[in-house]
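Working notes for the structure below.
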Amino acid sequence: MPRFFVDGPPSGQYLLGGENGRHGAKVLRLRPGETVTLCDGQGSDYPSSVLEASPEGLLLQIGEPVPSKGEPPVRVTVCQCLPKSDKLEAVVQKSVELGAWEIWPIESARCVVRWEGKSVEKKLARLQKIALEAAMQSGRGIVPRVLSPAPLARAMQTACQEGDALFFYEGGGQGLRSALTQAGDRLFVFVGPEGGFEPEEAALAQSLGARLLTLGPRILRTETAPLAVLAAIMYEKGAMEGCAR
């Protein structure tokens, strides 16, 4: 069923205009009697039926809201140190599909890429659009935010204050499964850039209260690691059982 995000809870007869409405009318060729789902971006879905289709969009009859089934029982912020090329776009897209709550680009010592000046806003806008499209495709109840880049130390302090910080370090550490049995449902996942984390960064993370973790003997690429972690977290938290518990 086609799915569209809207601003605020819709009700009654609702005109879905703009890009979404035109896409539904012209590309999907939705016609009266067909059904769509509107999502308020706050975790509620609104089953709706098409009353009219026009060049301006779709006139819908809004049904009663139901809780979105696409939200997991755990909130995970993916703290991805800035990678090279377009790898961050792939991380954002797949992280949203897997159930991430937020994606936070991080600046660490070995990052080759640096975001500076006017390009930051443009890059964030593109990543947020990717997050929106992934949320629509995967049936999410929210559109995960892509936060502005932050230095590793500041992000680590925030993570340790607001939840459990899981710091994945190639130097070794605790296993993910055992860590999840001790952690709560607000998690921050830290993944290094192509060159990994500096030992001093791992020491800082540990001093602030983060858990130093390992993903086993295989070295994963920077764009692979957060996806492997997210999949493991969602499995352990019961978010891959058809519906979140």
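Each value in this text was obtained by applying a stated rule to the coordinates, not by laboratory testing. This one's a predicted model, so the numbers in the text were calculated from it and none came from an experiment. Ideal geometry is used to build each Cβ from the backbone, glycine not excepted, and the neighbour counts take in all protein chains shown.
Here are some notes:
- Of [x] 144; [y] 115; [z] 131, the label for volume of the Cα convex hull per residue in Å³ derived from the coordinates: [z]
- Approximate spin-label separation Tyr235-Gln42, in nm, with each point projected 7 Å along Cα-to-Cβ: 3.6
- Net charge contributed by nearby residues that have their C-beta within less than 13 Å of Glu52 (K/R +1, D/E -1): -1
- Angle between the chain longest axis and helix 119-138 axis [Cα atoms, degrees, rounded to 10]: 60
- Per-peptide average of other Cβ atoms within 10 Å, ordering 160-167, 22-29, 100-107, 39-46 highest first: 100-107, 160-167, 39-46, 22-29
- Options Gly17, Gln137, Gln61, ranked by Cα towards positive dipole end of the chain, top entry (Cβ charges): Gln137
- Phi-derived couplings, Karplus 6.51 cos²θ - 1.76 cosθ + 1.60 at θ = phi - 60°, listed residue by residue for the range 48-56: 9, 10, 7, 9, 9, 10, 8, x, 7 Hz, with x used for Gly and Pro.
- With both residues required to sit in the range 1-72, DSSP beta bridges show an antiparallel share near 85%.
- Whether the range 73-216 is rounded, prolate or oblate, judged on the alpha carbon gyration tensor where a/c under 1.5 counts as rounded: oblate
- Extended-chain gain in nm, criterion 0.36 nm per residue less alpha-carbon gap, Leu51 and Ser148: 30.9 nm
- With respect to the chain, whose longest principal axis is taken over its alpha-carbon atoms, helix 225-236 is tilted by about 70°.
- Thr35/Glu133 FRET efficiency (R0 22 Å; Cβ-Cβ; nearest 0.05): 0.55
- Full extension of the chain between Thr158 and Ala203 gives 14.6 nm of extra length, using 0.36 nm per residue less the Cα-Cα distance.
- Of all DSSP-defined beta bridges confined to the chain, some 40% are antiparallel rather than parallel.
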